[in-house]
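The values are calculated or read from the model by the stated rules, or taken from the named source; none is laboratory data. Here the structure is a predicted model, which is why all the values come from computation and not from measurement. Cβ atoms come from the backbone with ideal geometry, glycine included; neighbour counts cover every protein chain shown.
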Amino acid sequence: MSHQHLDAFLSYLTNVRGCSARTGESYSRAVQQFADYLAGTWGEAQAFAWERVDYATVRRYLAHLSRAKYAPTTVAARLAALKAFFRYLAREGVVQLNVASLARAPKKPRRLPSVLDRGEVESILQAPDCSTPAGLRDRAVLELLYASGARVAEICGLSLPDVDLERQTARVLGKRNKERTILFGEPCELALRTYLENGRPLLLAGNPAGSREPALFLSRSGRRLATGAVRGLVRKYVLAAETGQPATPHSFRHTFATHLLDNGADLRSVQALLGHSSLSSTQVYTHVSLKHLRESYMKAHPLSAERGSDGA
């Protein structure tokens with residue numbers, strides 16, 4: 001056997017399934033790691049003998065990863081890649097069954113997303129120096145992250161035609177190249193207008209080919225702002241705001257969802273706004289919201305402490 005099926009699988013993921021190059025490469029590395037395990041178990045000549053793999057082989061491999069102290073989340077990711085790969089092999093007639101489909105990943109520890117409170121959000125939004133072009137850009141980025149709940153890659157992927165300031169909407173390209181509309185309110189609209197009028201033209205001047213640059217958010221060199229730069233600016237302003245807890249662009253997404261639920265939004269609407277394909281991905285925010293409600297209840301209800309202490 002050769003790498004031919006693995007190479008074809010990578011092409012299938014990116015060209016047919018519409019996965020990003022990064023996702024495709026991650027899956028490809030996971031399958032290659034499994035092939036290395038097979039080589040160590042059966043010998044180099046059998047490293048790509050996919051038709052020999054059965055359910056017991058997959059289970060032994062997962063146990064091998066656990067013994068090697070891989071985190072449950074990593075083991076789950078490796079299994080997801082194998083399920084996708086053997087589904088592809090079955091589709092192509094290379095194997096008869098998806099032998100990985102019945103294997104179960106170890107339970108991942110449930111971690112509630114970190115959420116900022118209203119005061120912390122306001123402090124971070126006010127942190128940029130809006131007397132500079134970069135400061136105007138950063139304020140607009142932060143406002144849009146919180147107002148829309150969009151992912152950092154979706155924000156960085158925005159181009160000028162994607163944004164409708166009058167309707168306070170923007171079109172973003174999410175995971176698996178799914179397009180959706182995000183919403184924002186008046187504070188974000190004002191920040192975007194101010195940036196577009198007074199910040200972006202000055203940043204664009206740093207790019208010799210500036211007139212042809214369609215990106216909404218620009219770097220100091222007048223080119224499309226990178227996701228790493230957004231993570232850096234969020235970290236910078238979180239530190240400046242002295243919130244006392246770390247936060248990332250994704251923290252704004254978690255905060256967006258939780259604040260909507262806290263203020264009465266229904267779960268299906270939040271799912272659509274976040275661009276989740278499954279409602280189960282959105283349901284984690286109900287736990288965060290209930291946690292905040294319980295904290296408020298324990299602080300505010302006159303008998304909560306007494307009843308909590310005696311078990312009544």
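Here is how the numbers come out for the structure above:
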| quantity | calculated |
| --- | --- |
| Among (1) on the phi > 0 side of the Ramachandran plot; (2) under 17 Å from the mean Cα position of the chain (by Cα) - the single one GLN168 does not satisfy | (2) |
| Pick from the stretch 32-63, criterion of a type in the set (S, T, N, Q) and at pLDDT 90 or above, ranking: surrounded by the most Cβ atoms within 10 Å (Cβ to Cβ) | THR57 |
| Single condition ARG87 does not satisfy, out of (1) outside the structural domain of PHE9 (by TED's automatic domain parsing); (2) free of Cβ contacts under 8 Å to residues at least 24 places away in the same chain; (3) outside any loop (DSSP other than H, G, I, E, B) | (1) |
| Meets criteria (touching a Gly at 6+ places or on another chain (Cβ under 6 Å) and outside any loop (DSSP other than H, G, I, E, B)) for ARG137 | yes |
| Identity of the residue in the stretch 64-84, of a type outside the set (Ser, Thr, Tyr) and in a loop (DSSP other than H, G, I, E, B), that ends up surrounded by the fewest Cβ atoms within 10 Å (Cβ to Cβ) | LYS69 |
| Filtered residues of the stretch 202-228 (kept if without any contact (Cβ under 8 Å) to a residue 60 or more places away in the chain and in a helix (DSSP H, G or I)) | LEU204, GLY210, SER211, ARG212, GLY228 |
| Unmet requirement for VAL121, which otherwise passes all of (1) of a type in the set (A, V, I, L, M, F, W, C); (2) farther than 30 Å from VAL141 by Cβ; (3) at pLDDT 90 or above; (4) out of contact with any Asp or Glu (no Cβ under 9 Å at 6 or more places or on another chain) | (2) |
| Failed item, numbered, when VAL75 is tested on (1) more than 28 Å from GLU179 (Cβ to Cβ); (2) among the β-branched types (Val, Ile, Thr); (3) in contact with a Gly (Cβ under 8 Å, 6 or more places away or on another chain) | (3) |
| The stretch 136-162, residues that are free of Cβ contacts under 8 Å to residues at least 60 places away in the same chain and within 13 Å of ALA191 (Cα to Cα) | ARG139, GLU143, LEU144 |
| Condition met for LEU239 (within 19 Å of PRO128 (Cβ to Cβ), surrounded by fewer than 17 Cβ atoms within 10 Å (Cβ to Cβ), in contact with a Pro (Cβ under 6 Å, 6 or more places away or on another chain) and not basic (Lys, Arg)) | no |
| Members of the stretch 155-193 that are in a helix (DSSP H, G or I) and either surrounded by 13 or more Cβ atoms within 10 Å (Cβ to Cβ) or among the β-branched types (Val, Ile, Thr) (or both) | ILE155, CYS156, ASP162, LYS175, PRO187, CYS188, GLU189, LEU190, ALA191, LEU192 |
